[in-house]
Amino acid sequence: MLRRLGGCALALALLVPGPALVTSVASAAPAAGAASGSASPKSPLSRDVRLGHKPVRYDGKRPSVRLTFTGRKGRLVELAHWSGWQPNPCVRTTLRRADGSPVTPWATGYWRLPRTGTYTAVVRPCPDFRARIRLQVRGVVVQQADVDGPGTEVGDDPDVTHLLQVRVSDDERLSVRPSQTPRHLVLPDRTLDEELGHGWLSLETPGRTFVAAAPGSTIAVSRTLDHTATLDGSAVALANSGIGGREHLVAFSARAGQWVYPELVDDSGTVVSNGRPRTQVLGPDGRWVNSDVMTRCPGTPTSPSCDWFLRGPWQLPTDGTYRMSVAVVGSSPVESFSLRVRAAAVAPALTLDGPPVTYTSATPGQWVVGPYTEGLPGPRPTGGGVSVTASNPSASLTDWRMSLASGFSSAYPDQGVTTLTPDMPSQFAPEDGDLGLSTAVLTVPPDVMGSLEVRLGNG
């Protein structure tokens with residue numbers, strides 16, 4: 001199973017960086033027996049090529065493309081295809097011997113040549129496909145990943161496919177941290193995963209996964225360390241144990257509907273913030289929990305700027321055992337941290353022009369979550385809108401942040417977030433998200449507790 005720490009679209013322009021992307025098809029030699037410019041518009045686009053040839057452009061107007069090349073027995077080859085504007089071109093690929101018989105794929109788009117000889121890669125677009133794509137038959141170089149080492153460097157030849165083999169054992173989870181986003185993964189069942197985003201990857205399906213690395217990149221692979229915690233219990237020590245940015249997986253039990261969040265501090269007791277934490281929650285089914293909101297870091301004393309968003313809290317969908325994934329970007333091999341998995345308190349809903357709602361943090365570091373009115377309008381074109389105001393903080397509530405988020409972060413990656421602080425206790429509220437997802441969150445540092453009143457009103 002593949003998991004991601006971070007969620008975005010893959011830029012497949014990395015397939016062949018640099019000048020190769022603008023190579024004209026005119027540089028490829030025509031197929032034997034074919035006169036240049038004499039082909040009918042309905043005939044295949046045929047070229048004789050060599051492994052690692054300059055990319056061939058295809059505009060979708062021909063019924064297919066035929067790229068003929070010579071290869072030796074046992075050589076692994078890939079037919080790479082990509083489009084500058086469409087991340088997953090709709091094409092079907094096959095490889096045929098000189099006698100026309102098909103070669104069984106090694107993986108989607110890859111073949112291991114059964115004997116030395118001539119082969120033809122055939123590309124056919126899906127019906128009504130008219131995108132312009134580029135095609136290249138490449139030789140493949142396979143390297144073995146160095147696990148818990150300094151990282152594996154791959155070659156910088158853009159006309160070769162660089163595969164990094166990562167072996168995952170039973171009940172093992174590996175964190176893959178590339179210096180550049182890979183093109184795709186070849187999964188243990190030999191299918192491709194092309195939706196990688198730009199973050200770190202986590203692998204836990206037993207078998208061999210191959211990372212199609214960007215040329216010249218370095219890929220660090222490390223074992224995830226397992227821990228067990230009790231919700232609102234004692235802190236768990238997370239030591240990097242020789243690997244900078246090590247991923248930790250902390251198991252805990254919780255009930256459906258609870259909101260949970262990480263209380264992550266360093267050795268000095270300072271909250272880890274400013275974009276360093278990578279946190280996510282895995283459900284009992286092994287899938288990511290996506291019902292989370294983005295909030296500001298909890299308090300000036302713990303983070304002077306508080307300009308970065310943190311991911312969480314998460315609302316849990318079912319009863320069961322969950323796992324919180326935690327890694328600190330840029331942390332050294334000798335650093336250690338401590339984590340408490342916390343449960344947020346729940347406040348009544350905020351309603352437009354309704355009575356103030358009291359948000360009470362009953363124990364040090366406890367966050368408070370509550371919904372706010374559905375159908376809340378956004379800022380008016382002429383200025384003004386709905387204001388949210390925090391007032392009457394208790395004496396013990398010495399530092400806090402109140403964030404209003406219009407939607408879960410997974411459903412609304414560009415969601416509006418309004419944050420109130422002790423220095424700015426009133427602002428315009430963000431427009432509601434759809435499907436009842438609008439959430440207000442009071443966040444406090446680990447040593448702060450107390451209450452305040454929050455109200456929505458026409459401003």
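Here Arg183 clears all of (1) over 24 Å from the mean Cα position of the chain (by Cα); (2) of a type in the set (D, E, K, R); (3) closer than 11 Å to Ala213 by Cβ except the condition numbered (1). Could you list, in sequence order, all residues of the range 174-198 that are open to solvent by 10 Å² or more (accessible area, probe 1.4 Å) and within 16 Å of Arg278 (Cα to Cα)? Across the range 174-198, the qualifying residues are Arg177, Pro178, His198. For the range 419-427, the criterion of being over 22 Å from Ala345 (Cα atoms), in a loop (DSSP other than H, G, I, E, B) and at pLDDT below 90 is met by at least one residue. Only one of the numbered conditions (1) outside any loop (DSSP other than H, G, I, E, B); (2) surrounded by fewer than 22 Cβ atoms within 10 Å (Cβ to Cβ) is violated by Gly365, and that is (1).
Looking at the range 104-130, which of the residues that are among the aliphatic types (A, V, I, L, M) and under 17 Å from Leu51 (Cα atoms) is nearest to the chain's Cα centre (by Cα)? Break it down stepwise before answering.
Going through the range 104-130, the residues among the aliphatic types (A, V, I, L, M) turn out to be 107, 113, 121-123.
Next, only the ones that are under 17 Å from Leu51 (Cα atoms) stay: 113, 121-123.
Details: Leu113: 34, Ala121: 32, Val122: 33, Val123: 30 Å.
Looking at the filtered set, the residue picked out is Val123.
Okay, residues lined up against (1) among the basic types (Lys, Arg); (2) free of Cβ contacts under 8 Å to residues at least 24 places away in the same chain; (3) farther than 21 Å from Asp447 by Cα; (4) open to solvent by less than 60 Å² (accessible area, probe 1.4 Å):
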residue	(1), (2), (3), (4)
Gly233	no, no, no, yes
Ala239	no, no, yes, yes
Gly242	no, no, yes, yes
Val250	no, no, yes, yes
Ala256	no, no, yes, yes
Tyr261	no, no, no, yes
Leu264	no, no, no, yes
Asp267	no, no, no, no
Val271	no, no, no, yes
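Taking (1) touching a Leu at 6+ places or on another chain (Cβ under 8 Å); (2) outside the structural domain of Pro150 (by the TED database) in turn, Thr270 satisfies each apart from (1). Scanning the range 40-65 for residues that are among the β-branched types (Val, Ile, Thr) and part of a strand (DSSP E or B) yields Val56, Val65.
The values are calculated or read from the model by the stated rules, or taken from the named source; none is laboratory data. All of these numbers come straight from a predicted model, not from anything done at the bench. In this analysis, Cβ positions are derived from the backbone assuming ideal geometry, glycine residues included, and neighbour counts consider all displayed protein chains. Note: areas computed on protein heavy atoms with side chains; ligands, DNA, RNA excluded. Shrake-Rupley method; radii C 1.70, N 1.55, O 1.52, S 1.80 Å.
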